[in-house]
Amino acid sequence: MASRQCHGTRGAGATGGVPWSAVDTEQNARFATRMGCSIVGNVEHRLATLADLPAIRTLMAAAIAELQKPFLSPAEIRSSRTIMGLDTQLVEDGTYYVVEEADVLAGCGGWSRRATLYGGDHSPGRNAELLDPAADAAPVRAMYTSPRFTRRGVGRLILLLCEGAARGEGFRRTQLVATLAGEPLYRACGYRETERFADGRGGTPVPLLRMVKDL
């Protein structure tokens, strides 16, 4: 079942005024339909905690290794590990989500009030300076889906949560740095490319895209 494009989020809160239920699957379906995003399966979302870090890192490693194979060479995939991964500041700030099905981690991702645009704890060049919602775009960060849960609307759901939360704090735009693997999803969800570049901090240059969206 294909997920529909993510439309209809302008002016909505983090959940569009419809609470997400851990037990009411019909309510969850109504939320997804209202936000223009089909979700396949009975998934739940919540904010990540520090206790989730081991499972998140395992999912990220699998996603980096498997989902980039159609787009990157083995050398580029190895290099990408330097510039990808989890910035635990997102979890500490309460802006990072996990999506689960039957207690199995299906995906994760978040947004930030801070200046760092991408990268994990180990990545050089992080900047924890707080952004100005009136002038700056809120970064969408560290979006990963388990290879077991692709094409089920997990990434789209996380984007909706991030955009709604950022909008609720006064941000008017979001921005992100996309891998080639993630580019189709972001374009389908209304992001537009502003720059193509390569990050070689891991040894081999990895192609990336800067993308933005008006909220």
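What does the charge count near Leu53 come to, summing +1 for each Lys or Arg and -1 for each Asp or Glu among other residues with Cβ under 14 Å from its Cβ? Overall, the nearby charge balance is -3. In order along segment 42-52, phi translates into HN-Hα couplings of 9, 10, 10, 10, 7, 6, 6, 10, 4, 5, 7 Hz, rounded to whole numbers, per the Karplus curve 6.51 cos²θ - 1.76 cosθ + 1.60 with θ = phi - 60° and x for Gly and Pro. In this Cβ point-charge picture (+1 for Lys and Arg, -1 for Asp and Glu), segment 25-171 has a dipole of about 460 debye about its Cα centre. Phi-derived couplings, Karplus 6.51 cos²θ - 1.76 cosθ + 1.60 at θ = phi - 60°, listed residue by residue for segment 103-110: 6, 9, 5, 9, x, 7, x, x Hz, with x used for Gly and Pro.
Annotation: for a label point projected 7 angstrom from Cα along Cα→Cβ of Glu66, residues of segment 82-121 with backbone N closer than 18 Å are 85, 99-109. With K and R counted +1 and D and E -1, the other residues having a Cβ less than 9 Å from that of Leu209 yield a net charge of -1. With the crude spin-label approximation of a point 7 Å out along Cα→Cβ, what separation in nm comes out for Thr58 versus Thr150? For Thr58 paired with Thr150, the spin-label model returns 2.1 nm.
Estimated at 0.36 nm per residue, the fully extended path between His122 and Ala51 surpasses their Cα-Cα distance by 23.7 nm. Label segment 91-215 by shape, choosing from rounded, prolate and oblate, from the square roots a ≥ b ≥ c of the eigenvalues of the Cα gyration tensor; if a/c is under 1.5 it is rounded, and otherwise prolate applies when a/b is larger than b/c, oblate when it is not. It is rounded, given that a/c, with a ≥ b ≥ c, falls under 1.5.
Throughout, read-outs are computed from the coordinates displayed, never taken from laboratory work. These numbers come from a predicted model, not from an experiment. Every residue, glycine among them, receives a Cβ derived from its backbone with ideal geometry; neighbour counts consider all protein chains shown.
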